[in-house]
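The values are calculated or read from the model by the stated rules, or taken from the named source; none is laboratory data. Small disclaimer: the values here were computed from a predicted structure and weren't measured. Every residue, glycine among them, receives a Cβ derived from its backbone with ideal geometry; neighbour counts consider all protein chains shown. To get the accessible areas, we keep the full protein, side chains included, count just its heavy atoms, and leave off ligands, DNA and RNA. Shrake-Rupley method; radii C 1.70, N 1.55, O 1.52, S 1.80 Å.
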Amino acid sequence: MVDWDVYLVTGESLSAGRTTREVVEAAIAGGVGVVQLREKDRSARERYEMGRQIRELTREAGVTFVVNDRVDIAQALDADGVHLGDDDLPVPVARELLGPEAVVGRSVSTVAEAEAAVTAGADYLGVGTVYQTDSKADIPEEDHGVGPERVAAITDAVDVPVVGIGGITAENAAEVVRAGADGVAVITAITRADDPEAATAALREAVRRGREA
């Protein structure tokens, strides 16, 4: 069973001089439930080498490990799954390659995209960007800052887990969960934090507050 509360998306260039391994170790100590290997500015080989370390850490901790975009790297690392965007392989193709037990996620920004992704077989959705952020420069302008209202519309329309992403912090995470999200996905709220372990724990507590509200 996947723990969606806090979902870390890695980015060593956004990690305040720390390695991705160091950030992931701290996030695991803080209670992270999912780690996604992103590292879009690295080569496939570099992502694979980083991923080998992360796969070892997440397996030992029982944390779900997914790879952004690259089904081949997910296969090579024996990852738990993959997270796909508009320019990646279609969900059914990823499913065929990774098998029925794999966790296949899809980035969406509208209700129509969400419904199409679920119909195609996505296991969960990353919705965003919820708030304005500089960490996702590859997102079209119209998909920046869709707000908790869009999260609510999408969660009402689908029956798979939804995580909000984009500009989320411990201060606004509860609002995203109150809108219907099962958890929050973050990059810099953990990677740039003075104490990534404490930042992860604070996000987890905020998610729980949102769920109880």
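Per residue, the solvent-accessible area of the chain (1.4 Å probe, heavy atoms of protein chains only, all protein chains present) comes to 44 Å². All C-alpha to C-alpha distances of the chain, sorted into 5 Å bins beginning at zero, yield P(r) values of 1, 8, 17, 21, 23, 17, 10, 2, 0 percent in whole numbers.
In the chain, what percent of the accessible surface is made up of carbon and sulfur (1.4 Å probe, ligands and nucleic acids excluded)?
Percent of accessible area from carbon and sulfur atoms in the chain: 46.
Taking every C-alpha pair closer than 8 Å and separated by at least 6 residues, the mean separation divided by the residue count of the stretch 68-210 gives a relative contact order of 17 percent.
Any idea what diffusion coefficient the stretch 31-121 gets from Stokes-Einstein, in µm²/s, Kirkwood Rh on alpha carbon pairs, 25 °C, 0.890 mPa s? Reported coefficient: 183 µm²/s.
Sort 93-104, 201-212 for me by packing, meaning the mean count of neighbouring Cβ atoms within 10 Å per residue, highest on top.
Details: 93-104: 16.2, 201-212: 18.8.
The most tightly packed comes first, giving 201-212, 93-104.
Can you give the percent of C-alpha pairs in the stretch 173-213 whose distance is more than 11 Å?
Details: 479 of 820 pairs.
I get 58 percent for the Cα pairs in the stretch 173-213 exceeding 11 Å.
Determine which residues of the stretch 167-195 fall in the zone a paramagnetic label at A29 would reach in this model, i.e. backbone nitrogen under 12 Å from the point 7 Å along Cα→Cβ. Residues 195 fall inside that zone.
Which value at 222 nm does the chain reach when only helices count, each DSSP H run of 4 or more adding -39,500 (n - 2.57), with the total divided by all residues and rounded to the nearest 500 deg cm²/dmol? Don't skip to the answer; put the middle values down first.
Numbers: 9 runs with 92 residues, N = 213.
Estimated from H runs of four or more residues: -13000 deg cm²/dmol.
Farthest toward the positive end of the dipole of the stretch 60-191, out of G166, P92, I190, is the Cα of I190, where the dipole comes from beta carbon charges about the Cα centre.
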